[in-house]
Amino acid sequence: MTSCSKVPITGRRQFNVVPGQMISEMSLTSYQDFLSQNPPIPESNKNTQQVKRVGQKIAQAVEEYLIHNGQQDKVSAYKWEFNLVESPEVNAWCLPGGKVVVYTGILPLTKDDAGLAVVMGHEIAHAVANHGGERMSQQLAVVLGGVSLDIALQQKPAQTRELFNMAYGIGSTLGTLAYSRTHEYEADKLGMVFMAMAGYEPERAVSFWEEMAAIPGQAPPELLSTHPSSQNRIKELRNYIPNARIYLKKQ
Ligand SMILES: [Zn+2]
């Protein structure tokens, strides 16, 4: 079980043994289940239009990035979809393969297109950097003790499926997991680059997280996970602005 891949932009090496194709298939099933229980708000709605508009710009930025970095083969792995669902939860997520869901509860915080680009850029970055696959690979190594994924699937399909659900935070609700600190910082940076490539000022990420940090009460699991602490996160984001600005597309 030795397989290593590189995360785009940051270049960090990650342990990855789960084929992308398999993850995409598992994701699609979970995504369809979720949408059948949480019907998306129709396109006639202004907020839905905003989600689709911003999402498509970021998706285009991701594709451009992959093409310019010799990873054209990865572009076809994404069949982008952007949905808005009615929920008071402050949440959004992107499953592997480019299935993005935004909850209406976050819109009062994102306010404008650029604010929404911060959140969607961040969530899409988790997917592009394959953070779920990395987590699943790590858990496979621990739980299944180093057997190959093929053997694991043949012998323990239910357990493998369970690991997938854990890695992607799929349970009674989707996308409720808290990522590791490494993954959060990485998604912040990649997200900033993608939003800049999509034409949004990366500074907006700093003001968005500052406003999020100022909200009293319990933080939602993914977007406001307890680590990294808000202060460190904002500091890192601010430090990264000059790098992200290199990618800024002039509108
Ligand atoms: Zn995150």
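The values are calculated or read from the model by the stated rules, or taken from the named source; none is laboratory data. This one's a predicted model, so the numbers in the text were calculated from it and none came from an experiment. Please note: Cβ atoms are built from the backbone with ideal geometry, for glycine as well, and neighbour counts cover all protein chains shown. Calculation scope for accessible area: heavy atoms of the full protein, side chains included, ligands and nucleic acids excluded. Shrake-Rupley method; radii C 1.70, N 1.55, O 1.52, S 1.80 Å.
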Inset, instruction - Name, by its number, the condition in (1) within 26 Å of TYR185 (Cα to Cα); (2) assigned to a helix (DSSP H, G or I) that does not hold for GLY11. - result: (2)
Inset, instruction - For segment 112-143, enumerate the residues that are out of contact with any strand residue (DSSP E or B) (no Cβ under 9 Å at 6 or more places or on another chain), open to solvent by 20 Å² or more (accessible area, probe 1.4 Å) and at pLDDT below 95. - result: ARG135, GLN139, VAL142, VAL143
Legend entry - Single unsatisfied condition, ALA59 versus (1) open to solvent by 30 Å² or more (accessible area, probe 1.4 Å); (2) over 23 Å from MET212 (Cβ atoms): (1)
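Of all strands (runs of 3 or more DSSP E) completely enclosed by segment 46-161, which ones contain at least 3 residues that are within 16 Å of the ligand (Cβ to nearest atom)? Write out each step before concluding.
Working: elements: 81-85, 92-95, 99-103.
Correct list: 92-95, 99-103.
State the number of residues belonging to segment 210-226 that are over 20 Å from ALA127 (Cβ atoms) and either surrounded by 13 or more Cβ atoms within 10 Å (Cβ to Cβ) or at pLDDT 60 or above (or both).
9
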Inset, instruction - Take segment 69-93 and flag every residue that is open to solvent by 40 Å² or more (accessible area, probe 1.4 Å) and in contact with a Leu (Cβ under 6 Å, 6 or more places away or on another chain). - result: LYS74
Legend entry - Selected residue (criterion: modelled with the lowest pLDDT) from residues of segment 162-200 that are small (Gly, Ala, Ser) and within 16 Å of the ligand (Cβ to nearest atom): GLY175
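Looking at this structure, is THR104 on the phi < 0 side of the Ramachandran plot, surrounded by 21 or more Cβ atoms within 10 Å (Cβ to Cβ) and more than 16 Å from the chain's Cα centre (by Cα)? Write out each step before concluding.
On the way: on the phi < 0 side of the Ramachandran plot: yes; surrounded by 21 or more Cβ atoms within 10 Å (Cβ to Cβ): no; more than 16 Å from the chain's Cα centre (by Cα): yes.
Against the criterion (on the phi < 0 side of the Ramachandran plot, surrounded by 21 or more Cβ atoms within 10 Å (Cβ to Cβ) and more than 16 Å from the chain's Cα centre (by Cα)), THR104 does not qualify.
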Legend entry - Single unsatisfied condition, VAL51 versus (1) over 17 Å from the mean Cα position of the chain (by Cα); (2) hydrophobic (A, V, I, L, M, F, W, C); (3) closer than 25 Å to TRP209 by Cβ: (1)
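LEU35: under 20 Å from GLY98 (Cα atoms), open to solvent by 50 Å² or more (accessible area, probe 1.4 Å) and hydrophobic (A, V, I, L, M, F, W, C), yes or no?
no
Which one of GLN32, GLN21 is assigned to a helix (DSSP H, G or I) and either modelled with pLDDT of 90 or more or in contact with a strand residue (DSSP E or B) (Cβ under 6 Å, 6 or more places away or on another chain) (or both)?
On the way: GLN21 fails: either modelled with pLDDT of 90 or more or in contact with a strand residue (DSSP E or B) (Cβ under 6 Å, 6 or more places away or on another chain) (or both).
GLN32 is the lone residue from the list that is assigned to a helix (DSSP H, G or I) and either modelled with pLDDT of 90 or more or in contact with a strand residue (DSSP E or B) (Cβ under 6 Å, 6 or more places away or on another chain) (or both).
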Legend entry - Number of the exception - LYS46 against (1) surrounded by 12 or more Cβ atoms within 10 Å (Cβ to Cβ); (2) within 17 Å of LEU116 (Cα to Cα): (1)
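Return a yes/no flag: does segment 91-100 have any residue that is out of contact with any Asp or Glu (no Cβ under 9 Å at 6 or more places or on another chain) and either of a type outside the set (A, V, I, L, M, F, W, C) or farther than 26 Å from GLN72 by Cα (or both).
Yes, segment 91-100 has at least one match.
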